[in-house]
Amino acid sequence: MNSIIRDINLAESGERKIEWVKRNCDLLRMLEEEFTKTKPFAGKKVALSVHLEAKTAYLCKVLKAGGAEMYVTGSNPLSTQDDVAAALVKDGLNVYAWYGATEEEYNAHIRKVLEVGPNIIIDDGGDLVHMMHTEFTDLIPNVIGGCEETTTGIIRLEAMDRKGELRFPMVRVNNADCKHLFDNRYGTGQSVWDGINRTTNLIVAGKNVVVAGYGWCGKGVSMRAKGLGAKVIVTEVNPIRAIEAVMDGFEVMPMKEAAKIGDFFVTVTGCDKVIDEEDFAVMKDGAILCNAGHFDCEIDMATLRKIAVETKEMRKNIQGYKLPTGQWLCVLAEGRLVNLAAGDGHPAEIMDMSFAIQALSAKYLVENEGKLNSMLIDVPFEVDKDVAARKLAFMGKEIDTLTEEQMAYLNASL
């Protein structure tokens, strides 16, 4: 075993975390049992870069049960949990990650999972795919295909595809209904506020919460803020989403205006410099800023660090920046993903669906090796529907089914 982790002696703590996740992930437990028998990934190397915490670890164990040779790293240095990494190594997986990795270390860890020549890539944010296409082009023929977990990664993949640069099929896992409808909305909504609340220990009720972006993640963050009693302001560049936010009962205005009145700011756009120097200058003293998008560029941290006349740690995971105008701005988790860098990420039951989609999409790639004509693939509807049906059954719920007469009526109406 050639793993690079912080401390193997942390494994016992990580094992307890993974076991708790397993207890609450009915779909993944079912797939683990199924894969143990069928071995769909026998002889296949899987390179995985997803936030390395307990739920991701259990996905890795499920893939290993299916015969995969796992090479694992994290997709964000501040979301890696060292005890979970140790538990995976103890269980025989190859892991290259530790909490707080420098940019150089982070890239070195990604190289370690790619240099083995993976057959399947499971990515979160696109760093694996990007490096494979820039530094390991000689190994691309080994790649059957891959799966992308998040919106940011899909944006990068679509840009590559438009330029004709994408050289193996990638499944857009984030586009599956059982992913974005639940993971992005309910998962992000709850986990972002878990991270903010545990980090700040401040009340949300009665405060002005500014949510930048009203995609599925922004909808979830806004909905939970409203539930906590906040007055929610949405900033958008898409007029359709802006109308939706208005009809959902939220105020809509440009960031330049929202910056003057916000108490909490949450960016969740997948874009760059959503909150910039002009916005910083007009913010309240003590305004709290955090990011729920994949990369730490939505809040212009480089500029904030440059213009600050003083910095200090206000509290664990809260860095204060004093501006020339005198007010202090408080940034959570260095502007990185607040729900993972300052929390435990999405609830287990939510990730159960998302990672079931991941596992079944990887299986689909293996089963259809050499048969896929497009470089960008949506999760097959049958997979999406199957995951939903299984999850609904585990929840103890039943739904109606169409009669033959009803099906004939609907088909005749088309």
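For region 159-226, what is the accessible area per residue in Å² when the probe is 1.4 Å? Write down the numbers at each step before the final one.
Working: 2570 Å² over 68 residues.
About 38 Å² of surface per residue is accessible.
Please report the antiparallel percentage of DSSP beta bridges with both residues in the chain, rounded to the nearest 5.
Details: 10 of 52 bridges.
That works out to approximately 20 percent antiparallel.
Please list Glu33, Glu349, Glu103 in order of solvent-accessible area, largest first, computed with a 1.4 Å probe with all protein chains present.
Working: Glu33 120, Glu349 95, Glu103 145 Å².
Ranked from most to least accessible, the order is Glu103, Glu33, Glu349.
Cα centroid distance between region 386-414 and region 121-146, in Å?
Taking the Cα centre of each part, region 386-414 and region 121-146 sit 38 Å apart.
So for Glu313, Glu104, Glu251, what's the accessible-area order with a 1.4 Å probe, most first? Each step should come with its number before you reach the end.
On the way: Glu313 130, Glu104 150, Glu251 100 Å².
Final ranking, largest accessible area leading: Glu104, Glu313, Glu251.
Run the numbers on region 83-180 and let me know its relative contact order in percent, using alpha-carbon pairs under 8 Å that are six or more apart. Walk me through the numbers on the way to the answer.
On the way: 109 pairs, mean separation 21.3, N = 98.
Dividing the mean separation by the residue count of region 83-180 yields 22 percent.
Let me have the 222 nm mean residue ellipticity of the chain computed from DSSP H runs of 4+ only, each contributing -39500 (n - 2.57), with the sum over all residues rounded to the nearest 500. Can you show the working numbers first?
Working: 17 runs with 182 residues, N = 414.
Rounded to the nearest 500, the figure is -13000 deg cm²/dmol.
Roughly how many Å² is the accessible area per residue of region 279-414, as a whole number, for a 1.4 Å probe? Show your work: numbers first, answer last.
Numbers: 7160 Å² over 136 residues.
I get 53 Å² per residue for region 279-414.
How do 238-246, 173-181, 43-51, 18-26 rank on mean C-beta neighbours within 10 Å, highest first?
On the way: 238-246: 14.6, 173-181: 22.2, 43-51: 24.3, 18-26: 18.1.
The peptides rank, most packed first, as 43-51, 173-181, 18-26, 238-246.
For region 333-371, which trypsin sites (Lys or Arg not before Pro) are both in a DSSP coil and crowded by at most 14 other Cβ atoms within 10 Å?
Details: sites: Arg336, Lys363, Lys371; in loops: Arg336, Lys371.
When the trypsin sites (Lys or Arg not before Pro) of region 333-371 are filtered for loop state and at most 14 Cβ neighbours within 10 Å, Lys371 remain.
In region 73-157, what percent of the accessible surface is made up of carbon and sulfur (1.4 Å probe, ligands and nucleic acids excluded)? It would help to have the intermediate numbers written out before the result.
On the way: 1220 of 2580 Å².
Using a 1.4 Å probe with all protein chains present, region 73-157 comes out at 48 percent carbon and sulfur.
Run the numbers on the chain and let me know its relative contact order in percent, using alpha-carbon pairs under 8 Å that are six or more apart.
16
Report in % the part of the accessible area of region 198-334 that belongs to carbon and sulfur, leaving out ligands and nucleic acids; probe 1.4 Å. Working shown, then result.
Working: 3420 of 6420 Å².
Roughly 53 percent of what the probe reaches on region 198-334 is carbon or sulfur.
Under a 1.4 angstrom probe, counting protein chains only, how are Met395, Met223 ranked by accessible area, largest first? Please list the in-between numbers first.
Numbers: Met395 120, Met223 70 Å².
Order by accessible area, largest first: Met395, Met223.
Just list whichever of Lys179/Lys322; Lys64/Lys397; Lys284/Lys306; Lys273/Lys385; Lys219/Lys306 have alpha carbons separated by over 29 Å in the model shown. List each step's numbers first, then the result.
Numbers: Lys179/Lys322 39 Å; Lys64/Lys397 31 Å; Lys284/Lys306 19 Å; Lys273/Lys385 37 Å; Lys219/Lys306 32 Å.
Long pairs (Cα-Cα over 29 Å): Lys179/Lys322; Lys64/Lys397; Lys273/Lys385; Lys219/Lys306.
How tilted is helix 188-200 with respect to the longest principal axis of the chain? Cα atoms for both, answer in degrees (0 to 90, nearest 10).
The angle comes out at about 50 degrees.
Evaluate E = 1/(1 + (r/R0)^6) for Lys306 and Trp20, where r is the Cβ-Cβ distance and R0 equals 45 Å; express this FRET efficiency to the nearest 0.05. Display every interim value, and only then the final one.
Working: r = 42 Å, r/R0 = 0.94.
In this case the efficiency is close to 0.60.
How many Å² of accessible area per residue for region 1-156, probe 1.4 Å?
37
When only Cα pairs under 8 Å and 6 or more residues apart are kept, what is the percent relative contact order across region 146-197? Walk me through the intermediate numbers first.
On the way: 26 pairs, mean separation 20.2, N = 52.
Value for region 146-197: 39 percent.
Any chance you could check the Cα centroid distance between region 223-300 and region 56-98 for me, in angstrom?
So the two Cα centres are separated by 34 Å.
Mind pulling the angle between the C-alpha long axis of helix 103-114 and the longest principal axis of the chain? Nearest 10 degrees, somewhere in 0 to 90.
Long axis of 103-114 versus the principal axis of the chain: about 10 degrees.
Could you calculate the contour length gain from Asp248 to Met131, that is, 0.36 nm times the residue separation minus the distance between their Cα atoms, to one decimal place in nm? Before the final figure, lay out each step's value.
Details: separation 117, 0.36 × 117 = 42.12 nm, distance 4.06 nm.
Gain on extension, Asp248 to Met131, equals 38.1 nm.
The values are calculated or read from the model by the stated rules, or taken from the named source; none is laboratory data. Here the structure is a predicted model, which means the values were calculated and not measured. Every residue, glycine as well, gets a Cβ built from its backbone with ideal geometry; the counts of neighbours run over all protein chains shown. When the accessible area is computed, the model is the full protein with side chains, heavy atoms only, and any ligands, DNA or RNA have been set aside. Shrake-Rupley method; radii C 1.70, N 1.55, O 1.52, S 1.80 Å.
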